[in-house]
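The structure under discussion appears below in the form of C-alpha cells.
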Amino acid sequence: MLKQSLWSSFATAPAQYPKLEGDIAVDVAIIGGGITGITAAQVLSERGFKVAVLEARSIGHGTTGHSTGNLYIIIDELLSSLKAKYDKGVVKRVLQSRKDALEKIEQNVRNFQIDCDFSRQPLFLYEDANNMKILEERKVAEEIDLAFTELAEDFPFEQDMGIRLENQAQFNPLLYVLGLADALDEERCSIYENTPVRSVEDQEDRVLVYTDDAIVAAKYAIHATHTPKGLELQYHTTLGPYREYGVAARLESNSYPQGIFWGYYNNQKYSIRSYSRGGEKYLIAVGSPHKVGQAESNRKHVEELVAFLQERFIVGQITHTWGGQNYKPADLLPFIGRKEKNSREFVATGFSTDGLIYGTLAAVIIADKIEDKFNRYEDLYEAARHEPVKSAKKFVKENANVAAEFLKDLSFKGDDKDLEGIAPGEAGIVTRNGEKVAVYREENGGYKIVSALCTHMACMVSWNNVEESWDCPCHGSRFNTSGEVIEGPAFNPLPKKIIE
Ligand SMILES: Cc1cc2nc3c(=O)[nH]c(=O)nc-3n(C[C@H](O)[C@H](O)[C@H](O)COP(=O)(O)OP(=O)(O)OC[C@H]3O[C@@H](n4cnc5c(N)ncnc54)[C@H](O)[C@@H]3O)c2cc1C
C-alpha cells in the first residue's frame, strides 16, 4: 500500500522546474503552484503580464494533488447551509460563478489538450434514514430553479433518499495542473520549484518577495498558498483548518460506479468516485475529517475509511492512502481579492473542500483586479469583507477551540522521559531544560529533534501518526520530521534542537 495520493502514481516525477537562485523582477509574483497559482499564471500571462510562480515544493503536489478531483457547482456544505445565511440571490450567484469556473477548466482541457481524464458526470446526493439533508437541499433547489432529478431504481448504493444533478465533472487534478503548467508561455511565465517564500514586504510602489536565495521584485503578489502565510489574523481567526483522508482500492468485481457520490451515513459524509487510467481501475473514498492537530489518532481516521469501503464493497487490495487539508470559512464563502484595501498583495483562501473550482475562479477574479477590470463576482468573495453576523457562531466556536489549544499547551508540563522510551518510527514531545521539543525516532534508531512550538503563533504541535508530521492544532501549520514546513500559515521551519 502506498502512502501517497492516487494521483501522484500517474504524474511525472516531481521537480521538473529549477530552484530560483538569483534576484528577478516581474509584474506578478505568484506564491504557490497549486490549481490557484498555475491558473493565475495562465490567465495573467495570456493577458501580457510577466509572471513568476514560486513553489515551495513541487507543482500540483499540495492540496490540489490530494483532492478527490470532483468538479461541481454546489458546495460541500450544501446549498441549504448557504441559504440559511444568505438570500437566494447570493446562492444563485455562487452557483453561477462556480459554473463559469467549471467551464473554464473544461475550456483549458480542450484548448491545451491536457490529458487528465476530464469527463462530464452526474453528482448524486443520498442519505440513510438518520439524515434530513436531501429534503432541505431539494427545497432550496426548487427556490432557485436548480434541477435535481430522482435516483434511478438501480442506484448502486444503499440509501433511504437521494437526488441527482446532471452535467458536473471529474478529472485527475494533478495531471490537469501539470498539463496547464506545461502549456504556459515560457517567455512570460517562469516557474520555480523547491523555492519556499519566507516573507513578503508590501512597499508603496512594489512588493518584495523573499526566498532563501533571492528577492523577487513585483508590482503585485498573489498568495496562492491555500491559506495566507504569516500572522494574517483577519483570515486565520475566521478559517477552521480541517484534515481528511482518502483511500483507493481495487474492487473484486469489475463494476466501478461512474459519477460523484456524496453519501451521508450517521451524519457523516463519504465521497466516493472511481478512476480508471491505463487499464488500471480504482475506487476512492474520501472523508473522516477532524481539526488539524487534534485527532486522538490520525491512523484511526484512515482505518475508519478503509472499514467503510470494506463494509460496503468487495474490495481487493487497498492501494493508496493519503491526507489533505481544507480551510472552512466562518461565513461559508471564500476570501478572494486584495489582502486589504490598496494592498498590492492578493489572497485566495477559505475554499473548504470546493477549491478546484474556487481556485480557478480566484485566478480570474484576481487577474481582473490586477488589470483594473470589473469582475461580476468580486464583491461576493471580497477578501477584506467583514461579516460579523454571518460568521459569528462559527467564529466564536473556532476561536474558543484555538484558545483551548493554547491553554492546553501552557499547562502541558511535558514528559521527562528518556529518549530511549520512544520506539523507532514513533514520536513524542519531551521537555528538556524547560523547553518543549518534538522528538522523532527514525527506524535506524537515530533522532530528529526540533522545537515543539509552531513558528506561526507558538502553539504546541502534535504528532500525526499516519502522515508522520508535526501538526499545529491552532491554525493548521504542518511540518515534516526535520521541521520543514509542509503547509499552513507558518513561513519558517521548526528550529532544530540538540539535547543531551
Ligand atoms: C481530501 C480533500 C478532497 C478535496 N476534494 C475536492 C474536490 O473533489 N473538488 C474540489 O473542488 N475541491 C476539493 N478539495 C479542495 C481543493 O483540493 C483545494 O481547495 C484546492 O486544491 C486548493 O488549491 P490551491 O492551489 O489554492 O492550494 P494548493 O493546491 O495547496 O497549492 C498551494 C501551493 O502553495 C505552496 N506553498 C505553500 N507555502 C508556500 C511558500 N511559503 N512558498 C512557496 N510556495 C508555497 C504549496 O507547496 C502548494 O503547492 C479537496 C480538499 C481535500 C482536503
>> What's the number of the only condition in (1) polar (S, T, N, Q); (2) more than 19 Å from residue 378 (Cα to Cα); (3) free of Cβ contacts under 8 Å to residues at least 60 places away in the same chain that residue 342 fails to meet?
In response: (2)
>> Pairs needed: first member in the range 141-167, within 10 Å of residue 125 (Cα to Cα); second member anywhere, part of a loop (DSSP other than H, G, I, E, B) and among the aromatic types (Phe, Trp, Tyr); C-beta distance under 6 Å; at least 6 residues apart or different chains.
In response: 163/148; 165/148
> What helices (runs of 4 or more DSSP H) lie completely within the range 67-183 and have 3 or more residues being charged (D, E, K, R)?
Replying inline: 88-111, 133-143
>> For the range 146-192, give me each residue that is in contact with a Pro (Cβ under 9 Å, 6 or more places away or on another chain), under 27 Å from residue 110 (Cβ atoms) and surrounded by 14 or more Cβ atoms within 10 Å (Cβ to Cβ).
In response: 164, 165, 168, 190, 191
> Looking only at residues in the range 206-217 that are touching an Asp or Glu at 6+ places or on another chain (Cβ under 8 Å) and not hydrophobic (A, V, I, L, M, F, W, C), which one is surrounded by the most Cβ atoms within 10 Å (Cβ to Cβ)?
Replying inline: 210
> For the range 416-500, which strands (runs of 3 or more DSSP E) that fit wholly inside it have 2 or more residues that are open to solvent by 20 Å² or more (accessible area, probe 1.4 Å) and of a type in the set (A, V, I, L, M)?
Replying inline: 427-432, 485-487
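Condition check ((1) more than 12 Å from the ligand (Cβ to nearest atom); (2) of a type outside the set (A, V, I, L, M); (3) part of a loop (DSSP other than H, G, I, E, B); (4) at pLDDT 95 or above) across all residues:
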site	(1), (2), (3), (4)
347	no, no, no, yes
351	no, yes, yes, yes
356	no, no, no, yes
359	no, yes, no, yes
364	yes, no, no, yes
367	yes, no, no, yes
372	yes, yes, yes, yes
379	yes, yes, yes, yes
384	yes, no, yes, no
> Which of the residues belonging to the range 44-63 are open to solvent by less than 10 Å² (accessible area, probe 1.4 Å), within 11 Å of the ligand (Cβ to nearest atom) and not small (Gly, Ala, Ser)?
Replying inline: 53, 54, 59
>> Take the conditions in contact with a Ser or Thr (Cβ under 7 Å, 6 or more places away or on another chain) and either of a type in the set (S, T, N, Q) or within 10 Å of the ligand (Cβ to nearest atom) (or both) and apply them to residue 227. Does it pass?
In response: yes
> Is there a residue being closer than 30 Å to residue 116 by Cβ, under 19 Å from the mean Cα position of the chain (by Cα) and within 13 Å of the ligand (Cβ to nearest atom) anywhere in the range 198-213?
Replying inline: no
> Cβ-Cβ below 7 Å, separation at least six or inter-chain, first residue in the range 58-87 and over 20 Å from residue 323 (Cβ atoms), second β-branched (Val, Ile, Thr) and within 7 Å of the ligand (Cβ to nearest atom): which pairs?
Replying inline: 71/357
> Can you pull out the residues in the range 441-456 that are over 24 Å from residue 487 (Cβ atoms) and acidic (Asp, Glu)?
Replying inline: 443
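Rundown of residues vs (1) open to solvent by 60 Å² or more (accessible area, probe 1.4 Å); (2) assigned to a helix (DSSP H, G or I); (3) within 30 Å of residue 50 (Cβ to Cβ); (4) not aliphatic (A, V, I, L, M), yes/no style:
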position: 219; (1), (2), (3), (4): yes, no, yes, yes
position: 249; (1), (2), (3), (4): no, no, no, no
position: 253; (1), (2), (3), (4): no, no, no, yes
position: 270; (1), (2), (3), (4): no, no, no, yes
position: 274; (1), (2), (3), (4): no, no, no, yes
position: 284; (1), (2), (3), (4): no, no, no, no
position: 287; (1), (2), (3), (4): no, no, no, yes
position: 295; (1), (2), (3), (4): no, no, no, no
>> Cβ-Cβ under 6 Å, sequence separation 6+ or interchain: first residue in the range 350-374 and of a type in the set (Phe, Trp, Tyr), partner within 6 Å of the ligand (Cβ to nearest atom) and assigned to a loop (DSSP other than H, G, I, E, B). Which pairs?
In response: 358/351
>> For the range 346-376, give me each residue that is at positive phi and surrounded by fewer than 24 Cβ atoms within 10 Å (Cβ to Cβ).
In response: 352, 372
>> Taking the criterion of being among the aliphatic types (A, V, I, L, M) and at pLDDT below 95, would at least one residue in the range 88-110 satisfy it?
In response: no
> Of all residues in the range 307-327 being modelled with pLDDT of 95 or more and within 16 Å of the ligand (Cβ to nearest atom), which is surrounded by the fewest Cβ atoms within 10 Å (Cβ to Cβ)?
Replying inline: 320
>> Can you pull out every residue in the range 68-92 that is within 16 Å of the ligand (Cβ to nearest atom) and under 15 Å from residue 269 (Cβ atoms)?
In response: 68, 70, 72, 74, 75, 76, 77, 78, 79
>> When you scan the range 102-122, do you find a residue that is more than 20 Å from the chain's Cα centre (by Cα), within 15 Å of the ligand (Cβ to nearest atom) and over 30 Å from residue 189 (Cβ atoms), even just one?
In response: yes
> Filtering the range 2-32 down to residues that are in a loop (DSSP other than H, G, I, E, B), within 18 Å of residue 180 (Cα to Cα) and of a type outside the set (A, V, I, L, M), which residue is least open to solvent (accessible area, probe 1.4 Å)?
Replying inline: 32
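The values are calculated or read from the model by the stated rules, or taken from the named source; none is laboratory data. Everything quoted here is computed from the prediction, not taken from an experiment. Cβ sites come from the backbone with ideal geometry, for glycine too, and all protein chains shown count toward neighbours. To get the accessible areas, we keep the full protein, side chains included, count just its heavy atoms, and leave off ligands, DNA and RNA. Shrake-Rupley method; radii C 1.70, N 1.55, O 1.52, S 1.80 Å.
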